[in-house]
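Student: My structure is below; once you've seen it, I'll send some questions.
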Amino acid sequence: MHKILATALSALLVTGQFAAPAAAGAQDDGTPTATPIRHVVVIFGENISFDHYWATYPYATNPKGEPAFYADPHTPSVNGLLHDGLLTRNPNFLNSAVNGTAAQNPFRLDRSQAATADMDHDYTPEQEAFHAGLMDSFPAFTGAAGPPPTGLTTKGLVMGYFDGNTVTALWNYAQRFALNDNSYGTTFGPSSPGAINLISGQTNNVTDSENAGSDIINDGNTAATTAVADNYYDEAQQIIQNEAAAVGLYDQTMSIAVAKNLHDVWLEKSQGEPVFEDAYFTK
């Protein structure tokens, strides 16, 4: 869509009471808050753009036979698709030279179309779709044709969005809590980089040369002898144990390195992420 989001933040929910940190004591005037916070819950759509769920918030179409959504009259609009002609003269529609027959204005997906094909959200295609900030090449580089849903057979499906008649629960959450419509990721790429970017913004100084899923594992895989390979693998295990290093997982040819005393952990190739089912340590 038109938002600069690696992983779109959908809603920030706060409720109850939350103890103030010691560092904030200097600014505390002792006045009790009217809305004490106890828990902070963040809901974000994995690999989903902000506009896919919130393009027209707080306005829903409300067709007959679907759950109706009517926002509080004082609800502010969001930084979505109801501004600057983005619904009717979207750059992704106008850029037919790149998008070809998939050039498409944003369009509403009905409740019957709630399941959609997964769009491309890898590092390079996202940058190509951004087109140096023109934001006009998403069908060409990140779009995927359906089905699902039935009948949408071009990569212009990437321009589809839902409203409060389909993602009704999320829109009701936004009515009662807080919606962040301007959370911008500082990196491109899939789930794990987006989640890290959202929560911490950094990886604790882990670099490629220290990454046990990178040079060391590859050197072990291509070693001339088993003994040399075992030395590389031992080094990788030591990094995992001592440095808490990250393991690159999105390259499906890559191995997963875990501590020798950690069992029942494996790489699920269909997801590209490790599975910790009944994992346990031994002495």
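Student: Rounded to the nearest 0.05, what FRET efficiency do K64 and V40 have when you use their Cβ-Cβ distance and R0 = 51 Å?
Tutor: Calculated value: 0.85.
Student: S183's amide H: which non-local residues (gap 5+, or another chain) put their own amide H closer than 5 Å, with H modeled 1.01 Å from N in plane and none for Pro or chain starts?
Tutor: L9
Student: Could you state the accessible area per residue of region 57-170 in Å², with a 1.4 Å probe and every protein chain left in place?
Tutor: Accessible area per residue, region 57-170: 51 Å².
Student: Would you work out if region 23-172 is rounded, prolate or oblate? Take a ≥ b ≥ c from the square roots of the eigenvalues of the alpha-carbon gyration tensor; rounded if a/c is under 1.5, else prolate when a/b is larger than b/c, oblate otherwise.
Tutor: prolate
Student: Oh, and also: Using the Karplus curve 6.51 cos²θ - 1.76 cosθ + 1.60 with θ = phi - 60°, work out ³J(HN,Hα) for each residue of region 43-53 in order, rounded to whole Hz, and write x for Gly and Pro.
Tutor: 10, 9, x, 5, 6, 10, 6, 4, 5, 4, 10
Student: Which residues does a label at A144 reach in region 111-127, if reach means a backbone N under 16 Å from a point 7 Å past the Cα toward the Cβ?
Tutor: 114-126
Student: Output the relative contact order of region 58-168, whole-number percent, from Cα pairs under 8 angstrom with separation of 6+ residues.
Tutor: 30
Student: Would you work out what percent of the accessible area of region 94-224, with all protein chains in place, is carbon or sulfur (probe 1.4 Å)?
Tutor: Carbon and sulfur atoms account for 50 percent of the accessible area of region 94-224.
The values are calculated or read from the model by the stated rules, or taken from the named source; none is laboratory data. Since the structure is predicted, the reported quantities are computational estimates derived from the model, not experimental observations. Counting neighbours? That spans all protein chains shown, and the Cβs are built from the backbone with ideal geometry, glycine included. Accessible surface is based on the protein model in full, side chains and every heavy atom, while ligands, DNA and RNA are left aside. Shrake-Rupley method; radii C 1.70, N 1.55, O 1.52, S 1.80 Å.
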